[in-house]
Each structure stands twice: as structure tokens, then as C-alpha cells.
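I have placed the structure first, in the form of C-alpha cells, so that the comments after it can refer back to it.
The values are calculated or read from the model by the stated rules, or taken from the named source; none is laboratory data. These figures come from a predicted structure and were not determined experimentally. FYI the Cβ positions are ideal-geometry reconstructions off the backbone, even for glycines, and counts take in every protein chain you see. Side chains are part of the model used for accessible areas, which takes the heavy atoms of the whole protein and leaves out ligands, DNA and RNA. Shrake-Rupley method; radii C 1.70, N 1.55, O 1.52, S 1.80 Å.
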Amino acid sequence: CSAGANKPVLTLFTKKPCPLCDEAKEVLEPYKRRFILQEVDITLPENSAWYEKYKYDIPVFHLNGKFLMKHRVDTQKFEDRLRKVELQ
């Protein structure tokens, strides 16, 4: 089944603990069938570049590798961008 292959990838830059990240994931729950969630722990050594970039901004979201939003989920923006990507 290649249905998953066409889904956009939502990357969440996070670290433990991250109450705002948990909150963001709850807000995204109704959309979860429409994307693949990929979490990147910025505290891991291999993610040090992301740590330098986002240490004061998590949660940060990228959609298909492009910056989307940070701190909180903007559902309107998220839906608009997700729809655009799905139509491509």
C-alpha cells in the first residue's frame, strides 16, 4: 500500500520534557491521518545544529522540510499548508 508514501511529513523539533510539544501534538491529533509525524530530539548529539537553531523556540514544525510554525500550532496556517501540499 503506497498511501503512506504520498502523505506529507510533519517534523516536530522537540526535547524532553516539553509540555508545549505535548500540547501541540494534542492540537494536531484530529489531523494525524493526513500526515506522517517525525519527531527530532534536538538534544541528541547528531542534532546539535538543530539545537543551536531552535533551543529557545521548541516546538518547531517543518512541513515537508520547510519551516511552518513554532511555539504553538496555528491550526489555520497548518490546514492551509497541508491542503496545498495534498493538492500537489
Kindly report the accessible area of the chain per residue (heavy atoms of protein chains, probe 1.4 Å, no ligands, DNA or RNA), in Å². 66
Using a probe of 1.4 angstrom, how much of the accessible area of the chain is carbon and sulfur, in percent? 52
Neighbourhood charge, 10 Å Cβ-Cβ cut-off, centred on Asp74 and excluding it, Lys, Arg +1 and Asp, Glu -1: +2
What's the Kirkwood radius of the chain in Å, using all Cα pairs? 13.4
Counting only residues 5 or more apart in sequence or on a different chain, those whose built amide H sits under 5 Å from that of Val9 are Ile36, Asn64
Taking a cut-off of 25 Å between Cα atoms, list the lysines near Lys53, but don't count ones fewer than 8 places away on the same chain. Lys15, Lys16, Lys25, Lys66, Lys70, Lys77
